[in-house]
Amino acid sequence: MADLYPRPGDSNYGRADYGYGTDRPVQADIPAQPGNRGRRNSGVAAGVLAFLGLVLSKLSYIGLLLLKFKPLWFTIISTGVTALIYAQLFGWAFGVGIVLLILVHESGHVVVARVMGMPVTLPVMIPFLGAFVSMKQQPRTVAQESVMAIGGPILGTVAAGLCYLGYLAMPDSSTGQLLRALAYFGFLINLFNLVPVTPLDGGRVLSVLSKWFNVAGLAIAAGLLLFGNFRSPVLFLVLIFGAFSTFQRFRSTVLNPAYYAVDARTKLVIGLLYLGLLFALGLGMLNTSAVLR
């Protein structure tokens, strides 16, 4: 029987047995640690896939939030765009201040409407035209419409008054002069909104007293456009939409007289509020009009 292993004294004695007929290790024909490299690569791939899955889940969650709060994003984006435009025209401080004063005015409508249980959207800014709040359902009575409408000028007048008080606290500083200019702008836009023609707040407010105030408002708007210094495309649009809305107002008093049934006390309160706003805004404009000189 042949010796399978070398004996002592042979030249191969003491050398490792790498297999029959070769001096190379058997393991030399096998790639070094193939199992570990495969496991490492598969681990990296699994980590990448897990990371991508986490990112996609977060993006989908953010997408759901955006859909849920879509009205808020409309407000944020429209406000940002309008602020950028006004900042280029009037400077950052005054441009952003204008936007904030308009937002406060529109927020007055939102707050009053929601207190009365009327679903409305958040304000959406429109450059050079102001902003609007959309009602998801129509008011049940002209009194509701009137109260919601007057909420904007009330809160807007308060905001302009606070700017004026800030000016009085620091009249000689640049910040004080900025606040004075913003106060004047706030008094002006809120007074303009009280012109009694239905696209503006004043038309909705005074419709609780009589639909004929809308006719008077059309005459005032036409006079401002033809003979006043307040010549603006906005005023032209007010006349166009005002004529149509006034016609609709007269028509609806015939088709739905119950909508205009309002008690005398409500008429008195709203009428006094309207006159008080006119007085406060006119006085505010007189005290801040020096910014025009």
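The values are calculated or read from the model by the stated rules, or taken from the named source; none is laboratory data. Everything numeric here is computed off the predicted structure, so don't read it as measured data. So basically every Cβ, Gly included, is an ideal-geometry build from the backbone, and we count neighbours across all protein chains shown.
State whether the residues of region 208-226 include one that is in contact (Cβ under 8 Å) with a residue 60 or more places away in the chain, β-branched (Val, Ile, Thr) and under 19 Å from LEU129 (Cβ atoms). Looking through region 208-226, none of the residues is in contact (Cβ under 8 Å) with a residue 60 or more places away in the chain, β-branched (Val, Ile, Thr) and under 19 Å from LEU129 (Cβ atoms). One residue stands out among those in region 218-264 that are outside any helix (DSSP H, G or I) and of a type outside the set (Phe, Trp, Tyr): the one that is surrounded by the fewest Cβ atoms within 10 Å (Cβ to Cβ), which is ASN229.
Out of curiosity, is THR288 touching a residue at least 40 places away in the same chain (Cβ under 8 Å), in a helix (DSSP H, G or I), of a type in the set (Ser, Thr, Tyr) and crowded, with 18+ Cβ neighbours inside 10 Å? Considered against the rule, which asks whether it is touching a residue at least 40 places away in the same chain (Cβ under 8 Å), in a helix (DSSP H, G or I), of a type in the set (Ser, Thr, Tyr) and crowded, with 18+ Cβ neighbours inside 10 Å, THR288 comes out as yes. Looking at SER207, SER232, just one residue is under 22 Å from VAL110 (Cβ atoms) and assigned by TED's automatic domain parsing to the domain that holds LYS267, and that residue is SER207.
In region 77-131, the residue that is surrounded by the most Cβ atoms within 10 Å (Cβ to Cβ) out of those that are under 11 Å from the mean Cα position of the chain (by Cα) and outside any helix (DSSP H, G or I) is PRO123. Summed over region 265-285, the residues that are surrounded by 14 or more Cβ atoms within 10 Å (Cβ to Cβ), under 20 Å from MET148 (Cα atoms) and of a type outside the set (A, V, I, L, M, F, W, C) give a count of 4. Determine whether PRO199 is modelled with pLDDT under 90 and under 18 Å from GLY152 (Cβ atoms). So PRO199 fits the description; yes. Looking across region 196-217, just one residue is β-branched (Val, Ile, Thr) and surrounded by fewer than 24 Cβ atoms within 10 Å (Cβ to Cβ), and that is VAL215.
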